[in-house]
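Worksheet for the structure shown next.
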Amino acid sequence: MPDSTFDVAVIGAGIIGLSTAMNLQTRFPGLRVGVIEKAPGVASQQSGHNSGVIHSGIYYKPGSFKARFCVEGRSSMTRFCEENGIPFERCGKVIIATRKDELPRLQALYERGAANQVEGLQLVSGDEVRDRIEPHVNVIKAVWAPNTGIVDFRKVAAAYAKRILEAGGKIHFNAKLRRVVGKNGASVLETRAGEFHAKRVINCAGLHADVVANMMGAKTDLRIIPFRGEYYTLRKERENLVRGLIYPVPNPAFPFLGVHFTKTMKGFTEAGPNAVLAMAREGYEKRDFNLPDFLGTIAFPGFWRLTMRDWKTGMMEINRSLRKSVFVRDLQRMIPEVRKEDLQSGGSGVRAQAVDRSGNLLDDFRIERTKDAIHVLNAPSPGATSSLVIGRYITDLAAETFAIRDKAHSALS
């Protein structure tokens, strides 16, 4: 068979798409698996622009996909890093209450983490935090997760890709999908790099997952709305203010965690992010604008329902984006010693946030199936942490949906 013909084509070489392809090949060694990616390399979007936190599973509703995936995901990710020589660190995360009115939410957060069986989770006093965890924070009480870690997920994605290629799989870069045509019971994927033929397709396109789903005729009731998260970094001489990960108590009404301090494996300490509407699906800079993306956002009824309901929060985020002094003020709630001059411009990321027609922000994973395709329509944090577990889960769905036979046969029925 030529390199352009596959039993299963995975669209998207982000960390979930790569994990899925890797798991498919591990379970079904004879399966012809190909990954189709629009960028020139792996992890070019969300997977390569996040803070690199290996989450523990504290925040997520018990029984949700997030909770189920994350706790196992953390242990599987650290084990994978150890086995593949990928540097990581268990630096721990502290979630701090700085006001008395935050204490009930902090207690509820601890109980949720305990219900999710997060290993080593503790409620600690402010004095304990300052004495042995983070000496510079302003804190009344905190949740301490000592096994939360950090890693460079770009290196994890590269390790997944290496395994795919070693197992005989194919990864085609610079292959932006233009159209999908059904032909003789298979899908013809028309891309900038030529045509690819696949019996079955798994859509892991992230920021473009809804577009790909619609291109393939799947009827979805959601749209990906891109939110840009902007970061500052601490100047080297002030990195001593942060030992690990320092987070505020989150607002339970939103799937964003608020500005926080994050030690990274990339050689710097981040402060942020905020969450502002991006004018392009890949809008990493304030000036980035894509007319079709923007029109697609404002034409979606759910966007306006979300905007009307939560406009005050949106204005606060925009204000923080435009005014460094506001950003600094929010950081000073956690570390009063931080000054405006301690921060320098950092990077940014874009979150693919699924929104339904009622204007609700989808907080959990959303995976839909058709006869010939699986669509990963919402894969929020802790998607990177849980990527190995999610890859296995999608492989199970594929085996069932596509009637893939066992290892002895390794073929689609």
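About the centre of its Cα atoms, the stretch 251-358 shows a dipole size close to 240 debye [charges on the beta carbon of Lys, Arg (+1) and Asp, Glu (-1) only; nearest 20 debye].
With respect to the chain, whose longest principal axis is taken over its alpha-carbon atoms, helix 15-27 is tilted by about 50°. With θ taken as phi - 60° and the Karplus curve 6.51 cos²θ - 1.76 cosθ + 1.60 applied, the whole-hertz 3J(HN,Hα) list for the stretch 342-356 is 6, 10, 10, 4, x, x, 8, x, 10, 8, 7, 9, 6, 10, 8 Hz, x standing for glycine and proline.
Given their separation in residues at 0.36 nm each and the Cα-Cα distance between them, residue 251 and residue 179 gain 21.9 nm when the chain is fully extended. Within the chain, antiparallel bridges make up roughly 70 percent of the DSSP beta bridges whose residues both belong there. Once C-alpha pairs closer than 8 Å and six or more residues apart are averaged by separation and normalised to the residue number of the chain, the relative contact order reads 24 percent. Against the longest alpha carbon principal axis of the chain, how many degrees, from 0 to 90 and to the nearest 10, is the axis of helix 311-322 turned? Tilt of helix 311-322: around 80 degrees. Ordering 106, 385, 314 by Cα displacement along the dipole of the chain toward the positive end leaves 314 in first place; charges were set at the Cβ atoms of Lys, Arg (+1) and Asp, Glu (-1). Ranking 354, 298, 370 by Cα position along the charge dipole of the stretch 296-412, where only Lys, Arg, Asp and Glu carry charges on their C-beta atoms, puts 298 farthest toward the positive end. Can you give the Rg/Rh ratio of the stretch 195-262, where Rg is from the C-alpha atoms and Rh is the Kirkwood radius? Dividing the radius of gyration by the Kirkwood radius yields 1.19.
Positive end of the dipole of the chain (Cβ unit charges, origin at the Cα centre): among 189, 62, 204, the Cα lying farthest that way belongs to 189.
Averaged over residues, the count of other Cβ atoms within 10 Å places the peptides 133-144, 95-106 in the sequence 133-144, 95-106, highest first. Considering only 347, 63, 359, the mean-square fluctuation computed in a Gaussian network model of the chain, springs between alpha carbons under 10 angstrom, is largest for 63. Stokes-Einstein D for the chain at 20 °C, 1.002 mPa s, Kirkwood Rh over Cα pairs, in µm²/s? This corresponds to a translational diffusion coefficient of 97 µm²/s.
Helix 103-115 axis versus longest C-alpha principal axis of the chain: approximately 40°, rounded to the nearest ten. For the stretch 84-240, a crude dipole built from +1 on the beta carbon of Lys and Arg and -1 on the beta carbon of Asp and Glu, taken about the Cα centre, is about 820 debye to the nearest 20. Sites listed here are trypsin sites (Lys or Arg not before Pro) in the stretch 192-268 whose DSSP assignment is loop and whose Cβ has at most 11 other Cβ atoms within 10 Å: 192, 219. The modelled label-to-label distance between residue 311 and residue 192, using points 7 Å beyond Cα along the C-beta direction, is 3.8 nm. Placing +1 on each Lys and Arg Cβ and -1 on each Asp and Glu Cβ, with no other charges, gives the chain a dipole about its Cα centre of roughly 480 debye. Only helices enter this figure: runs of n ≥ 4 DSSP H residues, each worth -39500 (n - 2.57), summed and divided by the residues of the chain, yield -9500 deg cm²/dmol at 222 nm to the nearest 500.
No lab work stands behind these numbers, since they all come straight from the coordinates. Since the model is a prediction, treat every value here as computed from it, not as a measurement. A quick note on method: Cβ atoms are made from the backbone with ideal geometry, for glycine too, and the neighbour counts reach across all protein chains shown.
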